[in-house]
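So the structure is just underneath, and the comments pick up after that.
Bear in mind these aren't lab numbers, they're just calculated from the coordinates by the rules spelled out. As the structure is a computational prediction, the values presented were derived from the model and not from experiment. Note that we place each Cβ from the backbone using ideal geometry, even for glycine, and neighbour counts take in every protein chain shown.
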Amino acid sequence: MIISMKKGATPEEIDHVRKLIEEMGYRVHESRGEERMIFGAIGDERTKHRLASLEAQPGVEKVIPILAPYKLASRETKNESTVIDLGGGVKVGNRKLLVIAGPCAVESLDQIMEVAAAIKESGAHMLRGGAFKPRTSPYAFQGLMNDGLYLLSKAKEAYQLPVITEVMDAASIEIVSEHADCLQVGARNIQNFPLLKEVGKTRKPVLLKRGMSTTIEEFLMSAEYVLSSGNSQVILCERGIRTFETATRNTLDLSAVPVLKEKTHLPVIVDPSHGTGHARYVEPMAYAAVAAGADGIMIEVHARPEEALCDGPQSLHPSEFKAVMEGIRRIAQAVGREV
Ligand code: PEP
Ligand code: MN
């Protein structure tokens, strides 16, 4: 339920209503808009008729049921788009697009430094690089793990770029958080509910990648796990879903962008690299993502894609990335955004 306070409600009236909601056994989620205070009451739906009685309290404007099962993620609860601060002045969710770039995996100090220098030069805002890699085959390169985190933070320091890297299990959240500015939960872990609850206990921004077979509602319920564990900084990433089509690695569901933007206040970005699996399709799909209203994009870049230990075929060479950045600037301008 949403309890919307009147425009001129006094601080005493607001405090009193907050206390009453808590006394009824609900957890209070506050959203202070420019004009009024809005409470979300999170808890047992069976006793929600008691919340309806709050309409009689001084200062209360309306008590409105929330229809979506993802209560905290829903625009019904918070109409204003969420802006997330990723450090170093980099934000996502506002008019300025977020561009994240970097290799699939951190491979060596030289590799990550070279790519960090190149993407910074082209105007990317954040560096990506996996240290813990969720590979389909146990025989494939699994990432440099803690050493990879260390190398990533060296590149962060050298090029003043906030960094994002994947966290695969609860046990490594602490170490990953020491190095990363944003925790990535990969497609394969999107319904790992214990992991979602644990990243929800941190105060780091979390990027959730849509699973290859998660519906939009399931995706938003995963976000709800993080939000309801206390972390309000969640970014959603469309990265393609599995369909009957095999010409591309996944089917990039770009309609997810306007659908998500309608249903949730959380920022939505697109990963055309995993979404297509082929470097030559990354550029058109990155442009399409921006045109569709994405708040940012994430692109894999490698100085020598043919030598990459992971996802080489979908990785852009720095010169190709530079061209994509220029194109993104033009598309962004056309749709009233900036890079
Ligand atoms: C990645 O970003 O490197 C990755 C493994 O992506 P996904 O979880 O979307 O497959
Ligand atoms: Mn990858």
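Per-residue Cβ neighbour counts within 10 Å put Ser229, Ser137 in the sequence Ser137, Ser229, beginning with the fewest.
Of Lys78/Lys133; Lys91/Lys204; Lys133/Lys154, which pairs sit farther than 25 Å apart, going by alpha carbon to alpha carbon? Exceeds cut-off: Lys78/Lys133. Packing, as the average of other Cβ atoms within 10 Å across residues, places the peptides 213-220, 202-209, 315-322 in the order 202-209, 315-322, 213-220, highest first.
This ranking places His29, His49, His125 by how few other beta-carbon atoms lie within 10 Å of each, fewest first, which gives His49, His29, His125.
Rounded to 0.05, the FRET efficiency of the Gln160 and Asp85 pair, given R0 = 25 Å and the Cβ-Cβ distance, is 0.95.
Annotation: the antiparallel percentage among DSSP beta bridges lying fully within the chain is about 40. Computed over the chain with a Gaussian network model linking Cα atoms closer than 10 Å, the most mobile of Ile21, Ile100, Ile269 is Ile21. Over all pairs of different C-alpha atoms in segment 134-230, the reciprocal of the mean inverse distance, the Kirkwood hydrodynamic radius, equals 14.0 Å. Subtracting the Cα-Cα distance of Glu23 and Ala140 from 0.36 nm times their residue separation leaves 36.7 nm of extension gain. Spacing of the modelled spin labels on Ser319 and Thr215, each 7 Å from Cα toward Cβ, amounts to 4.7 nm.
If the Kirkwood radius is taken over C-alpha pairs of the chain, then at 10 °C and 1.306 mPa s the Stokes-Einstein diffusion coefficient equals 76 µm²/s. To the nearest 10 degrees, how steep is helix 11-23 against the longest Cα principal axis of the chain, on a 0 to 90 scale? Roughly 80 degrees, rounded to the nearest 10. Taking the longest Cα principal axis of the chain as reference, the axis of helix 318-334 is set at about 40 degrees.
Go ahead and collect, in residue order, the members of segment 120-137 whose backbone nitrogen is under 20 Å from a label point 7 Å along the Cα-Cβ direction of Arg304. What the label zone holds, given the 20 Å backbone N cut-off, is 129-130. Between Leu109 and Ala56, the distance separating the two model label sites (each 7 Å from Cα on the Cα→Cβ line) works out to 7.2 nm.
Remark on the chain: Cys182, Cys237 stand apart, with no other cysteine beta carbon under 4.7 Å. For the modelled label position 7 Å from the Cα of Leu67 along Cα-to-Cβ, which residues of segment 230-269 have backbone nitrogen atoms closer than 13 Å? Hits in segment 230-269 for Leu67 at 13 Å: 263.
Calculate how steeply helix 216-228 sits against the longest principal axis of the alpha-carbon atoms of the chain, using the helix alpha-carbon long axis, and give the answer as 0 to 90 degrees to the nearest 10. With both axes taken from Cα atoms, the answer is about 70 degrees.
Taking every C-alpha pair closer than 8 Å and separated by at least 6 residues, the mean separation divided by the residue count of the chain gives a relative contact order of 16 percent.
Secondary-structure-derived ellipticity at 222 nm for the chain, considering helices only, amounts to -10500 deg cm²/dmol, per-run term -39500 (n - 2.57) for DSSP H runs with n ≥ 4.
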